[in-house]
Structure formats: structure tokens, C-alpha cells
Amino acid sequence: MTSCSQSDSPRVDQNAINGLQNGQPPQPSILTYASLSNQASAGWYNSPAYTECWGLTGGNTGNDCDEYPYRSTHEGGPGASLRPVPSSDNQGEGNGISSFYPTCGITNNDGKEFAVVPMTWESAPATFYYC
């Protein structure tokens, strides 16, 4: 299980919460790890068709395009919630999920499910994971 709160990387976590919300109060989400050969291509959203990030990320903008569900899951890729966020925030969250996978025995385990739990209250702890 991993969490998303807004206390450590608010823009990245808000994108996950938006993706979890889907017009409803945010609910836990079950995602499925995808091995490298089954993941969406890096930068799949670098197209005018994806206006959320087009022209607002990469290069000298200082922003990355955050996506939820994560590209490293079967649920990631086209259809994901996209949002331009500061590169440092996005890379920090990416390092966190990259640590979560091997620590919890998920890496190289295609099809392994895990939960993402939104924590939207004001004093929520920083993003964390629990195996």
C-alpha cells in the first residue's frame, strides 16, 4: 500500500487525488504493477492531443508532466490524469514509488496489485508506503 497526501509534494499528490476522485470523494485505488515491457512508453503524452501538459513541460520549463495512475502500472498511460508539476516534486515522488516497488516485493512481479490511499485531511502525514 502507498499513500498520497498533500504535505510533501502537493501538486503531484493533488494529481493522484484528482485521478482517484473521478468526480466522487477520493477512494482507495487498486493498481497493478506492469513489468517494463508492459508499461506505457515514456513521454506518451508528448503530443498536442494531450493539452494538459503540451508545451508546459520539458525543456527549460522546470516542469514535468505528472501522470496518475502511474506509468509503471497496467492502468497508466492514455486516459491517465495529467498535470504539469515542478520537476523536483515529480522526480521526488518518482523516487518514492521506485523505492516502494522493490521494498514491497513488487518489482519484476508483473500483475502484483497494490493500493493507493488518498489522505486529504489538513494534517495528513507525508506520502508513505507500507508493505
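Coordinate-derived values only; no laboratory data. Bear in mind that the values here come from a model prediction, so they are computed numbers and not experimental data.
Points worth noting:
- Value in Å of the Kirkwood radius, where the stretch 40-131 supplies the Cα pairs that are averaged: 14.6
- Extension gain, LEU36 to ALA115, is 26.5 nm, computed as 0.36 nm per intervening residue step minus the present C-alpha separation.
- Placed amide H near ASN63: partners under 5 Å, 5+ positions off or other chain: GLY58, SER87
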